[in-house]
Amino acid sequence: MGGFCGVVSKDDCVSDLFFGTDYHSHLGTHRGGMAVLKANGMFHRSIHNIQNTPFRSKFEHDIASFSGKIGIGVISDTDPQPLVMTSKLGTFAIVTVGLLTNIEELKDELFRNNCMQLQYSTTSGMVGPTEVVSALIATRDSIVDGLKYVHEKVKGSCSVLLMNSDGKFFASRDKWGRTPIILGKKEGSMIAVQESCALHNLGYEHVRDLGPGEIVEITPDGETTLVEPGKKMAICSFLWVYYGYPASSYEGRNVEMTRYRCGSALAKRTPTEADAACGIPDSGTSHALGYAHEAGIKFARPFVKYTPTWARSFMPQDQKQRERVASMKLIPIPGLIKDRRLVFCDDSIVRGTQLGKQALKLYSLGCKETHMRIACPPLVYPCKFINFSRSKNEYDLITRRYIRDQEGENADIEKYTNPDGEAYKGMVEYIRQKLNLTTLAFQRIDDVIHAIGLPEDQLCTYCWSGKDYAETGDCYHCPCESEGGECPCKSKKD
């Protein structure tokens, strides 16, 4: 995934930048980086590998050498960032968050039309997406036109923070707003972050969330909109279900409170007799609290997570390492397990390997019944819009393996997303048996949407439903919707 922070101040910005970036550490374990613009107009940059050591530990010795009134920082799960680039637009530093699903197409265009050369990383075996984005920007006649061009060309998503050597700072939210950018203000300083939880302890007040596709220039005194936001949004629903931080709010909807409501909905729709409700920590804990409150049963913690050293288990690149992280970080408390009927809430099931092993561990410790309640619908479609999963292909998903085994590779996938259909029920029963669970139930999409509290047409639910209204060529996000006249998208479909 990844997250970023940018600060513009009348005084030195380094402390706020350092801690503001650190508040995004839950979003990535690959690289961390900071860059500041020094008083002499030069950039000072540092990038560290944070796979085995947290961001704060790697950078706390660096910050004494940093000074400047404008800076950007990033937790990156893709390429080393920030990049400092020189072009006809001058010198600028840039960080990005998102997923470029058409990166090969973009590279070919840059080679063909602009005689561009791009750095190839022998470490990652790729050209970094941030480098491609910076090259796209540099093909236009201004930074703003370049950011607009990125919105036009990128498939997937891309949000950007950029500062140039003239001391100008720009924030550009993804065209469809799939990831957030949130602005905060205090006396003499402005901040742009992905996680709003970074604001409070740094003394910033929430100003507003940027709109989808909006581009702003930020100064210590405020912000100016350079490109107006689009009318439609498709922000990722999984922010609230899983990878967003509990203390953060996006579009005015708090993560922790949303998870309580998800748990409550599960208790209403799929009740069961149990002695306690429990969460698979950390994200499942909030869902379990909502479940317990609604069901009128105790909340218990039969698993606790060892947090000082273990990363979130979806982040490591290697599957065996992911499984190792998942098994090592959760420590059982046998006295809360033996002879008990337990309802467990978890955020999602991806491959199913971790949950199956946890169920076996519970039975080995004497658990009588293991009821699993999943806070989102079954993941049936791999996300192609943001980089929150390490799944390499659709058959990493336990749901897709089941569907392939039932119907082959050309199956009708959509029927497996209907919670009232027989195909869906058969898939859930297969997963239940595969994972050795007493009962299993998934959240319904309409309950997730209600828990978040935003209109359905502002949320991306593609990984559950296979539907996304922001797809190129879909009238839902076509400019012609508001401009009137004949619709080119409709003619394409017809």
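Out of segment 1-41, which residues are open to solvent by 20 Å² or more (accessible area, probe 1.4 Å) and polar (S, T, N, Q)?
Ser15, Ser25, Thr29, Asn40
Take the residues in segment 16-39 that are part of a helix (DSSP H, G or I) and in contact (Cβ under 8 Å) with a residue 60 or more places away in the chain, then tell me which one is nearest to Leu199 (Cα to Cα).
Gly20
Looking at (1) open to solvent by less than 20 Å² (accessible area, probe 1.4 Å); (2) under 20 Å from Gly244 (Cβ atoms); (3) of a type outside the set (A, V, I, L, M); (4) assigned to a loop (DSSP other than H, G, I, E, B), can you tell me which one Cys367 breaks?
Only one criterion in (1) open to solvent by less than 20 Å² (accessible area, probe 1.4 Å); (2) under 20 Å from Gly244 (Cβ atoms); (3) of a type outside the set (A, V, I, L, M); (4) assigned to a loop (DSSP other than H, G, I, E, B) is unmet by Cys367, namely (2).
For Leu379, indicate whether it is under 27 Å from Thr96 (Cβ atoms), at pLDDT 95 or above, touching a Leu at 6+ places or on another chain (Cβ under 7 Å) and not β-branched (Val, Ile, Thr).
Against the criterion (under 27 Å from Thr96 (Cβ atoms), at pLDDT 95 or above, touching a Leu at 6+ places or on another chain (Cβ under 7 Å) and not β-branched (Val, Ile, Thr)), Leu379 qualifies.
How many residues does segment 387-446 hold that are open to solvent by less than 50 Å² (accessible area, probe 1.4 Å) and on the phi > 0 side of the Ramachandran plot?
Looking only at that region, the number is 1.
Return the residue satisfying two criteria in turn: it lies in segment 214-257 and is more than 28 Å from Tyr381 (Cβ to Cβ) and of a type in the set (Asp, Glu), and of such residues it is most open to solvent (accessible area, probe 1.4 Å).
Only one residue fits best here, namely Glu228.
Scanning for something in contact with a Gly (Cβ under 7 Å, 6 or more places away or on another chain) and of a type in the set (D, E, K, R), does segment 429-445 turn up at least one residue?
Within segment 429-445, one or more residues are in contact with a Gly (Cβ under 7 Å, 6 or more places away or on another chain) and of a type in the set (D, E, K, R).
Check every one of the helices (runs of 4 or more DSSP H) wholly within segment 52-140 and list those with 3 or more residues that are among the hydrophobic types (A, V, I, L, M, F, W, C) and modelled with pLDDT of 90 or more.
103-114, 129-138
Just give me the residues in segment 42-51 being open to solvent by 40 Å² or more (accessible area, probe 1.4 Å) and either outside any strand (DSSP E or B) or closer than 13 Å to Thr96 by Cβ (or both), in sequence order.
Across segment 42-51, the qualifying residues are Met42, Gln51.
Residue-by-condition table, conditions (1) open to solvent by 20 Å² or more (accessible area, probe 1.4 Å); (2) of a type in the set (A, V, I, L, M, F, W, C); (3) under 14 Å from Phe92 (Cβ atoms):
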residue	(1), (2), (3)
Val127	no, yes, no
Glu131	yes, no, yes
Leu136	no, yes, yes
Asp141	yes, no, no
Lys148	yes, no, no
Val154	yes, yes, no
Val160	no, yes, yes
Ala171	no, yes, yes
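Listed here are the residues, each with its yes/no results for (1) within 24 Å of the chain's Cα centre (by Cα); (2) basic (Lys, Arg); (3) closer than 22 Å to Ser159 by Cα.
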residue	(1), (2), (3)
Leu106	yes, no, yes
Glu109	no, no, yes
Asn114	no, no, no
Leu118	no, no, yes
Val127	yes, no, yes
Glu131	yes, no, yes
Ser134	yes, no, yes
Ser142	no, no, yes
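Would you check if there is a residue in segment 251-259 being polar (S, T, N, Q) and within 30 Å of Val144 (Cα to Cα)?
No, segment 251-259 has no match at all.
Table: residues versus (1) at pLDDT 95 or above; (2) touching a helix residue (DSSP H, G or I) at 6+ places or on another chain (Cβ under 6 Å); (3) part of a loop (DSSP other than H, G, I, E, B).
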residue	(1), (2), (3)
Arg178	yes, no, yes
Arg208	yes, no, no
Pro212	yes, no, yes
Ser286	yes, yes, no
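For segment 200-223, check the following and say yes or no: at least one residue is of a type in the set (A, V, I, L, M, F, W, C) and in contact with a His (Cβ under 7 Å, 6 or more places away or on another chain).
Scanning segment 200-223, I find no residue that is of a type in the set (A, V, I, L, M, F, W, C) and in contact with a His (Cβ under 7 Å, 6 or more places away or on another chain), so the answer is no.
The values are calculated or read from the model by the stated rules, or taken from the named source; none is laboratory data. Bear in mind that the values here come from a model prediction, so they are computed numbers and not experimental data. Here the Cβ is made from the backbone with ideal geometry for all residues, glycine too, and neighbour counts use every protein chain on show. Just the protein is used for accessible areas: all its heavy atoms, side chains included, with ligands, DNA and RNA removed. Shrake-Rupley method; radii C 1.70, N 1.55, O 1.52, S 1.80 Å.
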